[in-house]
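Report on the following structure.
The values are calculated or read from the model by the stated rules, or taken from the named source; none is laboratory data. Model, not experiment: these values are computed from the prediction. Backbone-built Cβ (ideal geometry, glycine too); neighbour counts: all protein chains shown. For accessibility, only protein heavy atoms count, side chains too; no ligands or nucleic acids. Shrake-Rupley method; radii C 1.70, N 1.55, O 1.52, S 1.80 Å.
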Amino acid sequence: MSVPDGAYRTVERCRICGSARLDPVVSLGATPLANAFLAAERAREPEPRFPLDALRCARCYLVQLGVVVRPELMFSDYAYSSSASAPAVRHFDELASEVVERFDLAGRRVVEVGSNDGVLLASLAARGARVLGVDPAARQAAIANARGLETIVGYFDRATASRVVAEKGRARLVVANNVLAHIDDLHEVLAALDALLEDDGVFVAEVPYVADLLDRVEYDTIYHEHLSYFALTPLRTLFSRAGMELFDVRRLLVHGGSIRIYVGRSGRRPVSDAVPRTLEEERASGLLDASAYDRFAARVWASRRALLDLLRRSRREGHTIAALGATAKGNTLLNYCGIGPDLVSFIADSTPLKQGRVTPGMHIPVRSEEAIAAERPDLTLLLAWNYADEIIGRFADYVSGGGRFIHPVPIARILP
Ligand code: DWN
């Protein structure tokens, strides 16, 4: 289906440095929006598809999509709920514990950008922080507000920041997990940060790490919500232009590999050795070199071929196949590989919002997790592979009964 006028814009210049030297990295075709799960009765309606191409800025090295889809098309009817993944709830509780202690947040104002259904807000509030969420997804914000976790429905920009300062005062901490990648005008968000943060305030953010994306061929994490794919080097450029500096960084396993960055106004805080060490690692590893991205494109095609070979061979041998985790990344994988109900009969997922719907593009039905025990498929494709250990552990009965999982990237393999 052709897309409505104005549904997206083509990226002509890098969103961090403004360079027009944007080199192609990989093209994954034209795909529907990754979280646009359809009610089953709407599966025959045409679905808008958008070009899914990753580019690389030759000047500041930011990897970014070639188009920007209007955010309201992606987030107004949003299906993703942070609380649907138990490991994510634990991860955010650990983050809350760290930042409350490290930055003395008890009794202090903390604002979370992209607070979803309030998972992190709840952990921060439980430790005495005075929390406020900002999120454009009205359904998830309503869940947070119903839990007493005040959440503004909207996007984080200078207008929102000014409103918060006027009503609540400036913030000691602003936190944004899996948000920066979704933001087109990063300079606007940094201006909003500057307005909202106390003089020695801190910004903490988690973003998927492009080094892990390349190393593990995590091409499925490329979808229209994710406009940018960050390395620390372009992030340093971004923050320095706003008079801010990275003073610490940690590598994380979440979401296939992420980095947690700690940012303050320049000169306000001692800079950890982890920052120059990570920047040097990015240079020495070749992450900033164009050749790394040429190799990545070839490995994506090999990954696609290996997965299709495994699925088709398994079906020819009479094996039944389902999937677990109706993930956004799963929809990139399914659409790019052309995997439909003929290969994968259903997807089990713990998110009530997704159950009973079908996936965008390939229209695979989403059912509750109980469907795995009920149907006992021979193989289950892990579309939530970032939680593989947790899921395989929770499905021990399925495994002891002979069930096996398929981990799709970098190369499809059977687990355990
Ligand atoms: O950046 C984003 C990340 C944080 O979340 C968003 N733009 C979109 C979304 O991406 P995703 O859908 O690929 O994220 P997850 O966290 O990998 O999704 C996990 C999915 O798997 C959820 O729908 C819940 C489901 N799940 C499950 O059914 N059983 C998860 C676990 C751990 C389980 O045991």
Checklist outcome for this item: Filtering segment 100-138 down to residues that are in a helix (DSSP H, G or I) and crowded, with 24+ Cβ neighbours inside 10 Å yields Val119, Leu120, Leu121, Leu124
Checklist entry - If you scan segment 358-399, which residues turn out to be part of a helix (DSSP H, G or I) and surrounded by 19 or more Cβ atoms within 10 Å (Cβ to Cβ)? => result Ala371, Ile372, Trp385, Asn386, Tyr387, Ile391, Ile392, Tyr398
Checklist entry - Would you pick out the residues in segment 8-30 that are open to solvent by 60 Å² or more (accessible area, probe 1.4 Å) and among the polar types (S, T, N, Q)? => result Thr10, Ser27
Checklist entry - Within segment 178-188, restricting attention to residues that are within 19 Å of Pro208 (Cα to Cα) and open to solvent by 10 Å² or more (accessible area, probe 1.4 Å), which residue is farthest from the ligand (Cβ to nearest atom)? => result Asp185
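Residues are listed down the side, and each one gets a yes or a no for (1) more than 16 Å from the ligand (Cβ to nearest atom); (2) among the acidic types (Asp, Glu); (3) within 22 Å of Thr237 (Cα to Cα):
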residue: Glu12; (1), (2), (3): yes, yes, yes
residue: Cys60; (1), (2), (3): yes, no, yes
residue: Gln64; (1), (2), (3): no, no, yes
residue: Val69; (1), (2), (3): no, no, no
residue: Phe92; (1), (2), (3): no, no, no
residue: Glu98; (1), (2), (3): yes, yes, no
Next on the checklist: Take the residues in segment 249-284 that are more than 16 Å from the ligand (Cβ to nearest atom), among the basic types (Lys, Arg) and in contact (Cβ under 8 Å) with a residue 24 or more places away in the chain; name whichever of them is least open to solvent (accessible area, probe 1.4 Å).
Outcome noted: Arg265
Item to check | Members of segment 176-215 found to be charged (D, E, K, R) and within 16 Å of Val249 (Cβ to Cβ), listed by number | outcome: Glu206, Asp212
Item to check | Contacts under 6 angstrom Cβ, first residue in segment 298-314 being buried (at least 20 other Cβ atoms within 10 Å of the Cβ), partner modelled with pLDDT of 95 or more and of a type in the set (Phe, Trp, Tyr), 6 or more apart | outcome: Val300/Tyr219
Item to check | Of all residues in segment 316-355 being open to solvent by less than 50 Å² (accessible area, probe 1.4 Å) and charged (D, E, K, R), the one that is farthest from the ligand (Cβ to nearest atom) | outcome: Lys354
Item to check | Total residues in segment 31-44, condition more than 16 Å from the ligand (Cβ to nearest atom) and either open to solvent by 80 Å² or more (accessible area, probe 1.4 Å) or under 18 Å from Ala384 (Cβ atoms) (or both) | outcome: 3
Next on the checklist: Looking only at segment 54-66, filter to residues that are on the phi < 0 side of the Ramachandran plot and more than 17 Å from the chain's Cα centre (by Cα); which one of those is most open to solvent (accessible area, probe 1.4 Å)?
Outcome noted: Arg59
Checklist entry - Would segment 230-248 turn up any residue that is of a type outside the set (Ser, Thr, Tyr), open to solvent by 10 Å² or more (accessible area, probe 1.4 Å), within 16 Å of the ligand (Cβ to nearest atom) and assigned to a loop (DSSP other than H, G, I, E, B)? => result no
